[in-house]
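> Quick one: this structure, given as structure tokens, is what I'll be asking you about.
The values are calculated or read from the model by the stated rules, or taken from the named source; none is laboratory data. Note that the structure is a prediction, hence the values are computed from the model and not measured. Glycine also receives a Cβ, built like all others from the backbone with ideal geometry; neighbour counts cover every protein chain displayed. In case anyone asks, the SASA skips ligands and DNA or RNA and just uses the protein heavy atoms, side chains included. Shrake-Rupley method; radii C 1.70, N 1.55, O 1.52, S 1.80 Å.
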Amino acid sequence: MSIELREVTKRVGAEIHLYQTSLELAPTGFNVLLGATSAGKTTLISLLAGLRSPTSGEIWFNGEDVTDVPTQKRNVSLVHQFFVNYPHMSVYENIASPLRVAGMDGAELKRRVEEAADILRLGPFLRRKPGELSGGQQQRTALARAIVKESDLVLLDEPLANLDYKLREELRDELPRLFADRGATVVYATSEPSEALLLGGHTATVSEGRMTQFGRTSDLYRAPSDIETARVFSDPPINAAPVIKAEGEIRLGDSARWPAVGAIADAPDGEYMVGVRPHYIAPVASDAPGVAVNGEVKITELSGSESIAHFEFEGGVWVSQSDGVHPYRVGERHEFRIDTAGCLYFGADGARIAA
Amino acid sequence: MARITLSDLRHSYLPDPQSDVDYALKRIHLEWEDGGAYALLGPSGCGKSTLLNIISGLLHPSEGRVLFDGDDVTGRPPDQRNIAQVFQFPVIYDTMTVYDNLAFPLRNRGVEAARVEARVREIAGMLELDEMLDVRAAHLTPDNKQKISMGRGLVRDDVNVIMFDEPLTVIDPHLKWKLRSKLKELHQRVRATMIYVTHDQTEALTFADQVVVMQEGEIVQIGTPVELFERPAHTFVGHFIGSPGMNVLPCEVRDGAAFFQGVRVATETAPTPPQGASRLELGVRPEFVTLANGDGGVPAEIVRVADAGRRRIVEARAGETRINLLLDDETEAAPGPATLSFESAKTRVYADGWLMEGAR
């Protein structure tokens, strides 16, 4: 289904929850809304669901203006962060509820409920009450209810946020497959960049009520249009610092300079911001391409498979993330190497310098 | 600060427990050094909260003792144990200023004003709260509120232990990141005994010097983050730690070698499984599986390549068995037939879930 926001805004009293946004969702695959808490993700989802009305602008489904169509008539499903099930009903009846509301019963209802339960591996629990299930099973029940309905639009608002880490990994893996063949448009809100990447599809980054960019998820990650998108789409946070371009080179403070290559080579001399994701900063002076920098290590985090060091450099704290175990010592100076091929440059207006 | 000994603890929520399954905690025995950073890691229901409540005194264990510096505190209520706790949701007084919130635990214990002032300013400085000391707590963002909770835990210097129960669960990722490193920095500065309870491996591994991994009321492994990653003692640890977790593949052992689907797989040491083991498996992390070019290796089919940013997660199938690979951004990988190769020094045999004795 084609779904479109046309110049939509949302104001509540004096507060702007959503600045003017125009967006045409991808009809298949996931549309991820990525942003921090209160960035505007839930506002967008409520507008799409018809739970709230825009202050201005229009919402179009399949070429029809549905701005004033109430949620019951939009054929949408919504799954929240908090598992919402009917506590007094069995899992079977929970899954069946949207079909019963639609007036279905008999063999067709049974078939559809069992199919959904099967896909979500709830078969053995159909007679139980939600309270007797684990968190993961409760959220699976809510997801089954969203699937059974065969909605045109499925809205998932941080559905995995309240689950254990491993369960989240498992369901995140299953979700794209689950919706792959169902022909529904799926919108998925999350605050986790890694989740957006793994779900694939398309992503809209949202920050403080503004959508900063919409496009293919991997394009947004690798070629963000502006520094805010790069910030929203980085975990660990992206290193950012002012640099000066002059005489064909990039200068970072007094100690680091490297040749300006790629799109920045053609940009006029002047002040820019450089953004470097932590995994482009390696812990040792190797013969890898790039520029050597050094600084005092402030914090170390070793996870067993990777090492993270926070070090002071040119008046800021920089973060390096690398595979393996590196013996940093807090308080000592270490040499790091910035892979300049991984540097993103942004102009004074925040826009990325692109070819 | 104190050394903490948990001596032969068992706990059941049932009035008359019979067998092991009736126990939420099945015999826990461990010792934590004074000033260490420890984590209790496991899924919901593994018993980590039960254990935390026993240490804090909210729960009296069915069996065993809790010792602080050799002193038996098992019978003491929480307020006589001298511990500080930080919970998932910030516990602060909204109507008080940040300063008064931080001062509260000290004033409550009759600490003199000058000492309160010095200590509050020191902790506020460490947590970067000094700019907002006069602000009412109600107006703060969730991460700043949680910082105050942490500050209230840290402000007393006479506590035996500071316990953190899922303190970052409700915090956004980029702030979570900041708070996590703040906490690490604080531990490096104050060297208090800290126990951090979580289901999130990243939080546990980056915070703690030593991690206790729990499953179904039992400790499955205690180790440094490197030990848990490099040499999981149990397939559960291999699966739970790492993302994606360790590949666990059914195997056979004959003539001192391991075979997966008829293909001989070189392992760290020659496998000698114990008599009567009912289940033999190979464990190898996705980081140590590569695409083989040339002879030898496990034939498989790549079914999906997922972009994980700085790496790609490749999902392959060998028959019915799923095998994950973690490849860097530059290695070519596309759906279709492939041959997989396992790094032998990182491939081990597990018998009934446990790493074989000979391989330890």
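> How big is the C-alpha Rg of the range B:209-285 next to the rule-of-thumb value 2.2 N^0.38 Å, as a ratio?
Output field value: 1.19.
> Continuing with this model, one more query. Where only protein heavy atoms count, and the probe is 1.4 Å, what is the accessible area per residue for the range B:151-212 in Å²?
25 Å²
> How far is helix B:142-154 tilted off the main Cα axis of chain B, in degrees rounded to 10, range 0 to 90?
With rounding to tens, the tilt is 70 degrees.
> Here's something else I'd like to know. Sort A:Lys110, A:Lys41 by heavy-atom solvent-accessible area, probe 1.4 angstrom, most to least.
A:Lys110, A:Lys41
> Taking the range A:202-348 on its own, what percent of its Cα-Cα pair distances exceed 18 Å?
Counting every Cα pair in the range A:202-348, those more than 18 Å apart make up 59 percent.
> On to the next question. Any idea what log10 I(q)/I(0) is at q = 0.11 Å⁻¹ for chain A, Debye with uniform C-alpha scatterers and no solvent?
-0.84
> Another question, then. Evaluated at 4 °C with a viscosity of 1.567 mPa s, what Stokes-Einstein diffusion coefficient in µm²/s does the range B:112-159 have when Rh comes from the Kirkwood expression over alpha-carbon pairs?
Translational diffusion coefficient: 116 µm²/s.
> Using only C-alpha atoms and all pairs of different ones, pull out the Kirkwood radius for the range B:234-360 in Å with one decimal.
Working: mean 1/r = 0.0675 Å⁻¹.
Result for the range B:234-360, one decimal place: 14.8 Å.
> Tell me the accessible surface of B:Val284 in square angstrom (1.4 angstrom probe, heavy atoms of protein chains only), to the nearest ten.
0 Å²
> Right, something else. Carbon-plus-sulfur fraction of the accessible area of the range B:279-351, 1.4 Å probe, in percent?
After summing per-atom areas, the C and S share lands at 46 percent.
> Here is a further query. For the range A:242-295, compute Rg over Rh where Rg is the Cα radius of gyration and Rh is the Kirkwood radius from the inverse mean 1/r over Cα pairs.
Dividing the radius of gyration by the Kirkwood radius yields 0.96.
> A follow-up question, please. Straight distance only, please: which aspartates and glutamates reach the Cα of A:Lys110 with their own Cα at less than 19 Å, same-chain residues fewer than 8 apart left out?
A:Glu93, A:Asp118, A:Glu150
> Another question, then. Suppose every K and R has +1 on its Cβ and every D and E has -1 on its Cβ; what is the size of the dipole of chain B about the Cα centre, in Debye to the nearest 20?
Here the size comes out at about 360 debye.
> Which number comes out as Rg/Rh for the range B:1-81 once both Rg and the Kirkwood Rh are worked out on C-alpha atoms?
On the way: Rg = 12.6 Å, Rh = 13.1 Å.
Rounded to two decimals, Rg/Rh equals 0.96.
> Grab the DSSP H runs of the protein assembly as shown that are 4 residues or longer, score each as -39,500 (n - 2.57), total them, divide by all residues and round the 222 nm result to the nearest 500 deg cm²/dmol.
-7000 deg cm²/dmol
> While we're looking at this one, here's another question. In debye to the nearest 20, how big a dipole does the protein assembly as shown give about its Cα centre with +1 on each Lys and Arg Cβ and -1 on each Asp and Glu Cβ?
The dipole of the protein assembly as shown has a size of about 1240 debye.
> Accessible surface of B:Met1 in the full protein assembly, 1.4 angstrom probe, to the nearest 10 Å²?
Per-residue accessible area (B:Met1): approximately 70 Å².
> Further, regarding this structure: Distance cut-off 18 Å, Cα to Cα: go down the list A:Lys298/B:Lys178; B:Lys145/B:Lys178; B:Lys48/B:Lys184 and report the pairs above it.
Going by Cα-Cα distance, B:Lys48/B:Lys184 fall outside the 18 Å limit.
> In bins 10 Å wide, starting from 0, what share of all Cα pairs of chain B does each bin hold, as a percent?
Result, from short to long distances: 5, 21, 25, 21, 16, 9, 3, 0 percent.
> Right, here's the next one. Any idea what Rg and Dmax come out to for the protein assembly as shown if you just take the C-alpha atoms, in Å?
Here Rg and the maximum Cα pair distance are 27.1, 81 Å.
> Same structure again: Rounded to whole Å and sorted largest first, what semi-axes of the equivalent ellipsoid does the C-alpha gyration tensor of the range B:311-359 yield via the square root of 5 times each eigenvalue?
Values: eigenvalues 134, 39, 17 Å².
In descending order the semi-axes read 26, 14, 9 Å.
> State the answer as a single residue: which of A:Phe179, A:Leu167, A:Met211 lies farthest towards the positive end of the charge dipole of the range A:151-224, with beta carbon charges of +1 for Lys and Arg and -1 for Asp and Glu, about the Cα centre.
Projecting each Cα onto the dipole axis, the largest value belongs to A:Met211.
> Residues of the range A:101-146: accessible area per residue at 1.4 Å, in Å²? Could the numbers behind the result be given before it?
Values: 2420 Å² over 46 residues.
I get 53 Å² per residue for the range A:101-146.
> Can you tell me how much longer the chain between B:Glu33 and B:Asp158 gets when fully stretched, taken as 0.36 nm per residue apart minus their C-alpha distance, in nm with one decimal?
43.4 nm
> What range in chain A is the longest one free of GluC sites (Glu not before Pro) that are in a loop by DSSP and have at most 11 other Cβ atoms within 10 angstrom?
A:1-246
> Now a separate question. Just the accessible area for A:Leu51, please: 1.4 Å probe, Å², rounded to the nearest 10?
Counting only protein heavy atoms, the figure is 100 Å².
> Also: Trypsin sites (Lys or Arg not before Pro), restricted to the range A:113-216: which are DSSP loop and have at most 16 other Cβ atoms within 10 Å?
A:Arg121, A:Arg127, A:Arg128, A:Arg182
> How large, in Å, is the range A:170-250 by the Kirkwood hydrodynamic radius built from its alpha-carbon pairs?
Here the Kirkwood hydrodynamic radius works out to 14.5 Å.
> Stick to the Cα atoms of the range B:143-207, pair each with every other, and give me the Kirkwood hydrodynamic radius in Å at one decimal.
On the way: mean 1/r = 0.0828 Å⁻¹.
Kirkwood hydrodynamic radius for the range B:143-207: 12.1 Å.
> Rounding to the nearest 20 debye, state how big the charge dipole of the range A:1-129 is about its Cα centre with +1 on each Lys and Arg Cβ and -1 on each Asp and Glu Cβ.
Value, rounded to 20: 600 debye.
> Just to confirm the filter: which chymotrypsin sites (Phe, Trp or Tyr not before Pro) across the range A:67-154 are DSSP coil and have at most 15 other Cβ within 10 angstrom of their Cβ?
Passing both the DSSP loop test and the Cβ count: A:Phe82.
> Give a quick list of GluC sites (Glu not before Pro) in the range B:255-342 that DSSP marks as loop, anything other than H, G, I, E or B, with at most 10 other Cβ atoms within 10 Å.
B:Glu320, B:Glu330, B:Glu332
> When the convex hull of the C-alpha atoms of the range B:165-252 is computed, what volume per residue in Å³ does it have? It would help to have the intermediate numbers written out before the result.
Working: hull volume 10.0 nm³, N = 88.
Per residue, the Cα convex hull of the range B:165-252 comes to 114 Å³.
> Expressed as a whole percent, how much of the Cα-Cα distance distribution for the range A:29-153 exceeds 24 Å?
36 percent
> Further question on the same structure: How large is Rg over Rh for the range B:90-228, taking Rg from the Cα atoms and Rh as the Kirkwood inverse mean of 1/r across Cα pairs?
Details: Rg = 15.9 Å, Rh = 16.0 Å.
Rg/Rh: 1.00.
> Next up: At q = 0.10, 0.12, 0.13, 0.17 Å⁻¹, what is the log10 ratio I(q)/I(0) for the range A:132-267, with the Debye formula run over Cα points and no solvent?
Computed log10 I(q)/I(0) values: -0.48, -0.62, -0.69, -0.99.
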